[in-house]
1. Rounded to the nearest 0.05, what FRET efficiency do Ala165 and Asn14 have when you use their Cβ-Cβ distance and R0 = 30 Å?
2. Just grab the label-to-label distance for Ser156 and Leu181, each label 7 Å out from Cα along the Cβ direction, in nm (one decimal).
3. Whole-Hz Karplus ³J(HN,Hα) for the stretch 30-39, in order, using 6.51 cos²θ - 1.76 cosθ + 1.60 and θ = phi - 60°, x for Gly and Pro?
4. Residue by residue, what Karplus-based ³J(HN,Hα) values in Hz, rounded to whole numbers, does the stretch 196-205 have, using 6.51, -1.76 and 1.60 with θ = phi - 60° and x for Gly and Pro?
5. Taking all protein chains in place and a 1.4 Å probe, what share, in percent, of the accessible surface of the stretch 1-154 do carbon and sulfur account for?
6. Based on the Cβ-Cβ distance from Ser249 to Lys25, what FRET efficiency comes out when R0 is 41 Å, to the nearest 0.05?
7. Roughly how many Å² is the accessible area per residue of the stretch 144-185, as a whole number, for a 1.4 Å probe?
8. In Å², and per residue, what accessible area does the stretch 1-119 have when probed at 1.4 Å with the other protein chains present?
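The values are calculated or read from the model by the stated rules, or taken from the named source; none is laboratory data. The structure presented is a predicted model; accordingly, all values stated were derived computationally and were not measured. Cβ coordinates were reconstructed from backbone atoms using ideal geometry, including for glycine residues, and neighbour counts include every protein chain displayed. For the accessible areas, the whole protein counts, side chains as well, though only heavy atoms, and no ligand, DNA or RNA atoms are used. Shrake-Rupley method; radii C 1.70, N 1.55, O 1.52, S 1.80 Å.
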Amino acid sequence: MAATIMILYVSKLNKIIHFPDFDKKIPVKLFPLPLLYVGNHLSGLSGTSKLSLPMFTVLRKFTIPLTLLLETMVLGKQYSLGIVASVFAIILGAFIAAGSDLAFNLEGYVIVFLNDIFTAANGVYTKQKMDPKELGKYGVLFYNACFMIIPTLIISVSTGDLQQATEFNQWKNVLFVMQFLLSCFLGFLLMYSTVLCSYYNSALTTAVVGAIKNVSVAYIGMLVGGDYIFSLLNFIGLNICMAGGLRYSFLTLSSQLKPKQPVDEENTPPGFEALESGAECRLGAQGGHS
């Protein structure tokens, strides 16, 4: 969060990017995104520690149908039958895989399901709040981090995590510190790329892309992690999940061969929109004369 605040604020000062200055309306505009943002992170970290990595990856697929449902309810979007069928194939695979989980952990399942809800809601409301005339994508990232860095620090102190971090014996190791700072920068880059994907596509597409990315995680976890208990049904379920995700990608890409990209108003030079509007008017007038 600190890296996000620093990078975006310095970029704003140097006029590389633009987002609105703080005023009393911004918390209202942003709500409930900061709460969803932190809930997503906390539940994600808790769930990872209670389940095997492949099982965690499978149960996270429920984020996709939840995102589809929320986009329909909150954003009013409609999806084709083929895309809905692909999403249900992912759910079916997840049910098959989870039903044969030999290391069943009810607490872990509940936490991951909460994580799915937070992730889906965070993605959909991020898409809703990214209107360039309001906060824009940079404003969403910046004010999210600003509002939640102090509460997150308080949670870290109350759980003892901050004390454990400060007592870590590698803080004098220059190589470790460099790698730690790099991980903070990459964390910002990951959040920015996720927001950018939702900005140009949809929250559902971002969720499915994340699922496809997990193909390698699931299969490598079987071989390397050491905590995966093999069963035929579990393996079949994993493959159905991945097949559904790939099918969704094919349908989405084939229906958007010539996608209409939104204008990046945050990086559009002043007066450019007026020039575009004037050009459109002139073309329309010429078309009327012809």
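1. With R0 = 30 Å, the Cβ-Cβ based efficiency is 0.45.
2. 1.7 nm
3. 7, 4, x, 4, x, 5, 5, 4, 6, x
4. Couplings: 5, 5, 5, 5, 8, 10, 7, 5, 5, 4 Hz.
5. Carbon and sulfur together cover 71 percent of it.
6. Calculated value: 0.60.
7. 78 Å²
8. Accessible area per residue, the stretch 1-119: 53 Å².
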